[in-house]
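Q: Encoded as structure tokens, here's the structure I'll be asking about.
We did not get these values from a lab; they are worked out from the coordinates using the rules stated. None of these values were measured; they are calculated from a predicted model. Glycine also receives a Cβ, built like all others from the backbone with ideal geometry; neighbour counts cover every protein chain displayed.
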Amino acid sequence: MVSTAPGAGGHVERHWIALVVYALTFAGAVWLIGLDLTLGVIAGVLNVVFLAFFFRHLAFAISAARWAEADLEAASIGLEGFTPPVAVLVACKNEELVVDGMVAALLGLDYPADRLTIVVVDDASTDGTGARLDAWAATDRRLRVLHRPEGAGGGKSGALNDALAGVDAEIAVVFDADHEPARNVLRRLVRHFRDPFVGAVMGRCVVRNGADSSLAGTIFVDYLSGYLVNEYGRQALFELPAYGGANCAVRVSTLRALGGWNPDTVTEDTDLTLRVLLAGGRVRYDPTAVDFEEAVHSTRRFWRQRHRWALGHQKCLRDYWRPVVRSPHLGLMDKIETVMFLWVYHVPVLCGLGLALTLLRAFGVGGQAIVGLLPLSALLFAGPFAELAVGLIIGRVERRAAWQLVAFLPAFGLSILTATHAYLDGMVGKRLSWAKTARSGTVGAAPGAAPARRPATFARRAAAPAPTGVPR
């Protein structure tokens, strides 16, 4: 399967020339209009960006506060009668700590057995993942195990493409190895494919171990905001949610027409989102299609995970912003929102630049215009906090979880560092490689036995399958 995505074929563009151009442009501006005025112009541009993203965050928070709860509590619609052939695909590499819970949950899904195939890929694991998967496969013929050899290449995308090649289904549903979906998640995801223009559907992921550590609790709240507010807002206001890479479904004919998952990116989900939109398809988000995943426990793992997300997302901006602007399938507001979505992991870099300018002003460098960055920078931080607060309200979490908001102050600082580090890596042409997120789970139950579940997290409703409903 040959990918049609930008960058396919292993070529990674080197963008260090752009850094030289930026430096020469800055030097030329200083020579023409002086340092103070140049820094003032930069500060003015940052102000415009910060204001635009503040209003975007605020719009998402307001839309979620008005409509999300009603959608979560709406009557069940379209869950019966539409059961196209489905292939569930999971890529695993050294996942023996979590694979049992995942497989047990997949085998317990509420979907007709004769229309469901489950393919789990053992991507050259060096632990007991392959043996545990084989033991599970011996107990249920719906489960197929594909063992990839060392050096097969392509990371998660390569594993999923190999799995897809051997299935005959209309819809492919993807989970990660640490995910445990709710029983009705397939019915909730596939119902949206009644619409022939829908190419992909995203469900809602809930952190199941938020009580395990302060970092896991912070990620739990971050996911509430991300799925119940940000993703919901993108759907409610623009009908432009993102395909998220796990607990998501894609039409197989669309996927094959696009050349499969792109093996030359570390964020195959964002990449596929853009290719579906540019081909004239649509992505849908269903907040009632719930599954549960494990949050990382250590700062090192958090850094590696978010650095990978930033690196891949920033590459998608470089690859796709021109096709988005030129696309005949997207209206003006669609293009504006999609470009802003692609800029999400560049905004922390601009925040770092704003902080640097403010520091220079504190030492007497730069004009008075830089001082205006302070209130607008505060507004930029206020936008995400509004989303976080609304996420806590809609998720109906226990009050003590609100203290996790304090942890987002250093988390914002860490996001500036990870995004800036990723930006520099991308600009100097550092080769992208998919890095598996290390798990901290315990070895699950033996094949055929019910897996042990972790203690409940902060959520009273969000840690259980959401009430039925259809998103707006």
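Q: Between Leu414 and Ile17, what FRET efficiency follows from the Cβ-Cβ distance if R0 is 30 Å, with the result rounded to 0.05?
A: FRET efficiency, Leu414 to Ile17: 0.50.
Q: Okay, next question. Over the stretch 181-231, how many percent of alpha carbon pairs lie in each 10 Å bin up to the one with the longest distance?
A: It works out to 22, 37, 29, 10, 1, in whole percents.
Q: Can you give the convex hull volume per residue for the Cα atoms of the stretch 154-310, as a whole number of Å³?
A: Output value, Cα hull per residue: 113 Å³.
Q: A further question follows. With a ≥ b ≥ c taken as the square roots of the eigenvalues of the C-alpha gyration tensor of the stretch 137-225, please select rounded if a/c is under 1.5 and otherwise prolate if a/b is larger than b/c or oblate if it is not?
A: Oblate shape, in that a/c is at least 1.5 and b/c is the bigger or equal ratio.
Q: Something else: About the Cα centre of the stretch 161-251, how large is the charge dipole given +1 on each Lys and Arg Cβ and -1 on each Asp and Glu Cβ? Please answer in debye to the nearest 20.
A: It works out to roughly 400 debye.
Q: Filter the chymotrypsin sites (Phe, Trp or Tyr not before Pro) in the stretch 243-310 down to the DSSP loop ones having no more than 10 other Cβ atoms within 10 Å, then list what survives.
A: Taking the stretch 243-310 and a limit of 10 other Cβ atoms within 10 Å, no loop chymotrypsin sites (Phe, Trp or Tyr not before Pro) are found.
Q: In whole Hz, what ³J(HN,Hα) sequence does the stretch 138-149 give by Karplus (6.51, -1.76, 1.60; θ = phi - 60°), x for Gly and Pro?
A: 5, 9, 8, 6, 5, 9, 10, 10, 10, 9, 8, x
Q: Quick one: Debye curve from the C-alpha atoms of the stretch 287-330, no solvent, what's log10 I(q)/I(0) at q = 0.16, 0.27 Å⁻¹?
A: The Cα Debye sum returns log10 ratios of -0.70, -0.89.
Q: By how many nm would the segment from Phe385 to Ala27 lengthen if fully extended, with 0.36 nm per residue of separation less the alpha-carbon distance?
A: Difference between extended and current length: 125.2 nm.
Q: Please list, short to long, the whole-number percent of alpha-carbon pairs of the stretch 249-354 in consecutive 5 angstrom bins beginning at zero.
A: Pair shares across the bins are 2, 10, 18, 19, 21, 16, 9, 4, 1, 0.
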